[in-house]
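Below you'll find the structure, written out as structure tokens, and then a few comments.
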Amino acid sequence: MKKKIAVLACGWSTHFLNDFISGMQKEAQGTDTDIYIFSAYNFTEYSGFPNFTGFSIFNLIHYEDFDGAVILSDLIPNNRIIERERLRIIKAGIPAISINRRLEGLTCIRVDNYSGLYALLEHLIKVHNVTDIAYFSGMENSVDMSERYKAYTTVLSDNGIEFNRAKVFSIQSCDYQYAYHYLSDFIKSGKKLPQAIVCANDLIALAVLKVCDENKIAVPDQLKIIGYDDLPYVRCTEPSISTVANNIDVAGAQSVRKILRGNSEIQLLKINSTPVFRQTCGCATGHSHQKVITMNLMNDSSRKEEFDHHMELLGEIFIEAADVFTLLTNIETYLNKAHNFEGSDFCIFMKSDWTSVLINSAESLPQNLSYGTQVQSICSIQNNVKYPREMINTRDLIPAKMKSDGCNVFLFLPIFHHSYVHGYFVAKNNLGMIENRFGYIWSRNLGTSIEHFRKRNMFKQMSQQYLKLSTKDALSGMLNRQGLDKLAKPFYAQNKKNGLTTVLFFVDINKMKHINDQFGHLHGDLAVKTVAAAVLETVPKNWLCIRYGGDEFLVVGNSKNYNGEDYCTQIKVRLEAKTSVMHLPYKLSASVGTYTVPSNSDLTLEQAVENVDNIMYEQKQAFHKEDDKHEN
């Protein structure tokens, strides 16, 4: 029976995570076991707010559906999240392992950071006769960093070298840029360099080597450099950097071995780290891997350029799409032909109410970290072939067609903006998204693009609402004179462009002055409302009805849904039907004129309105003559 192991991780430590998963894969080969990696990235927003929303990807996990779980707890920088998942795992009662950090109720597998660094430092002291050694680290308070620091202080003590607090260089975090600026300033200050600098990781070691190169400091003759992690980059520098291999792939393999055995005994297992002697400590180790690594670095650089272009094009889809249907179609069409980074087998799932969220007009979406009970795929590529969109139960995690025999690795990344989760991305047997931090850029850009589309749609709705309010006549319910300029003129121009005849009707209330003078303006308003209602109820709904003046109304339509109906008579008949039950103290009627403008006509809308006004005026004159006869 197929087995499943859940892995909870943070993707920032790309080499650590990739090596760990590689170890898991090797051990799982031939066992018909799938590895599900749920990875996220924490980051600080522009406001300074620390964002951990991405770790909601863990909410997808139902631990009782898995045969075991692994928490890379030293990578997840949030104790509350770690504790929540620990309790959920224990409740599910499955074998579980914490990497590099002891958690109650879970087996802990730790890399012994102490042993490898101690051996390398002792080599530095006894083989290369170094006694003046500085330690360079960030302020991270983790088990691995404390062990590395302990190895430094202990080896000094064991070899009779006095500890000097001034020789401990401390920066904000174990980051290349922080280390580079710190040591550059140290050199500029004229302070004396030690014989050797022991760096808490290889990124700091690379920064130290860069500063030495810029300042003509000979390595290892004037300064020896020690790193930690054995990143690919440190193998091909000139000189190559002595470091410590953490052997985290062995921890990955042991995790799989223990889970598949089903042993729930709580243990502490240690993996020894290994010193790697190269040129920066004074050993004349050559560059046996330099060519291969250099080519890989060149390839990484090329892929980054390609990836940046890929993200630009994906972002443009969200910018250019006019509506949700176009957005979904264009995303699917583009990714069907360009998915080198997403892989040959992947799905983008959104929550079942996603399309309604896209047209949500709220200024900002409320916090929502749930994925709901169902998710909808908006793009599904399997074996490089596009499959129809489908809805699946969220608990299933992947579509049935994505499952296969053997050992497979599924990578899950969250799609969210600020504190609202939209969905998730899942790829099969493609770790490219975590190898170069592409996953962070991809998932965050997609979440941001979704929010930009939603905000643009919101502003569009607001603009349309404003236009509607600014062009509406409150009394008649028709458009006002602004509507003539903002809506009727574009409508008239579009008719010509589409080869449609424009149909105009002009309506004027008869004896409006008499109604106002004799019965007051309230009756005048009632007359306007009644005639306007008769017009609106008679002509097609998509025609534009405008209150052109106090008692004048203009109707602008086209031949698309007009078959020569006698709307002049129909408006009068409807008005008569309305007034017959109103018991008005006067007879309410209107004169109506009509005029058509062929699409090839040179007339402007103003000229056409003047023509229909003249025709209506003739009707009005005829009405007055007839009315005068009855009065006489």
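The values are calculated or read from the model by the stated rules, or taken from the named source; none is laboratory data. What you see is a predicted model, and the numbers here were worked out from it, not measured in a lab. Glycine also receives a Cβ, built like all others from the backbone with ideal geometry; neighbour counts cover every protein chain displayed. Areas reflect the complete protein model, heavy atoms only, side chains present, ligands, DNA and RNA absent. Shrake-Rupley method; radii C 1.70, N 1.55, O 1.52, S 1.80 Å.
The spacing between the stretch 1-44 and the stretch 397-454, judged by their C-alpha centroids, is 14 Å. What angle do you read, to the nearest 10 degrees and between 0 and 90, between the alpha-carbon axis of helix 521-538 and the longest principal axis of the chain? Here the helix axis deviates by roughly 70 degrees. Normalised per residue, the accessible area of the stretch 134-192 is 58 Å², obtained with a 1.4 Å probe and no contribution from ligands, DNA or RNA. Restricting the stretch 77-165 to chymotrypsin sites (Phe, Trp or Tyr not before Pro) that sit in a DSSP loop and have at most 13 other Cβ atoms within 10 Å of their own Cβ leaves Phe163.
Give the carbon-plus-sulfur fraction of the accessible surface of the stretch 335-377 in %, rounded to a whole number; probe 1.4 Å, heavy atoms of protein chains only. Reported share for carbon and sulfur atoms: 43 percent.
Each peptide in 59-72, 84-97 was scored by the mean count of other Cβ atoms within 10 Å over its residues; highest first, the order is 59-72, 84-97.
By accessible area, using a 1.4 Å probe on protein heavy atoms only, the stretch 109-199 has 49% of its surface on carbon and sulfur.
Each peptide in 374-386, 236-248 gets a packing score, the mean of other Cβ atoms within 10 Å over its residues, and the list from highest to lowest is 236-248, 374-386. Per residue, the solvent-accessible area of the stretch 316-427 (1.4 Å probe, heavy atoms of protein chains only, all protein chains present) comes to 43 Å².
Evaluate the relative contact order of the stretch 97-155 (contact order divided by residue number), counting alpha-carbon pairs under 8 angstrom at least 6 apart; express in whole percent. Computed value for the stretch 97-155: 39 percent relative contact order. Shown for the stretch 394-526: the carbon plus sulfur share of the solvent-accessible area, taken with all protein chains present and a 1.4 angstrom probe, equals 53%. Expressed in units of 2.2 N^0.38 Å, where N is the residue count, the Cα radius of gyration of the stretch 442-548 is 1.54.
With a cut-off of 11 Å between beta carbons, the residues surrounding Leu121 carry a summed charge of +1, where Lys and Arg count +1 and Asp and Glu -1. Average accessible surface for the stretch 1-103: 39 Å² per residue, computed with a 1.4 Å probe over protein heavy atoms with every protein chain in place. Spatially, the stretch 588-626 and the stretch 341-360 are offset by 54 Å when compared through their Cα centroids.
In the chain, helices alone account for a calculated mean residue ellipticity at 222 nm of -13500 deg cm²/dmol, with every DSSP H run of four or more residues adding -39,500 (n - 2.57).
State the Cα centre-to-centre distance between the stretch 61-96 and the stretch 556-586 in whole Å. Comparing the Cα centres of the stretch 61-96 and the stretch 556-586, I get a distance of 72 Å.
For the stretch 312-386, GluC sites (Glu not before Pro) meeting the loop criterion (DSSP other than H, G, I, E, B) and having at most 14 other Cβ atoms within 10 Å: Glu363. Summarising the amide proton neighbourhood of His417: residues at separation of 5 or more, or on other chains, whose placed amide H is nearer than 5 Å comprise His422.
When all C-alpha to C-alpha distances in the stretch 1-117 are sorted into bins of 10 Å, what percent of pairs does each bin hold, rounded to whole numbers? Calculated P(r), rounded to whole percents: 12, 44, 33, 9, 1.
Here the chain is treated as a sphere whose radius is the Kirkwood value from Cα pairs; by Stokes-Einstein at 4 °C and 1.567 mPa s it diffuses with a coefficient of 42 µm²/s. Computed from Cα positions, the angle between helix 143-158 and the longest principal axis of the chain comes to roughly 20 degrees. Are there any trypsin sites (Lys or Arg not before Pro) in the stretch 495-588 that are in a DSSP loop and have at most 12 other Cβ atoms within 10 Å? List them by number. Hits after loop and neighbour filter: Lys541, Lys587. Counting only Cβ charges, +1 for Lys and Arg and -1 for Asp and Glu, the dipole size of the chain around its Cα centre is about 800 debye.
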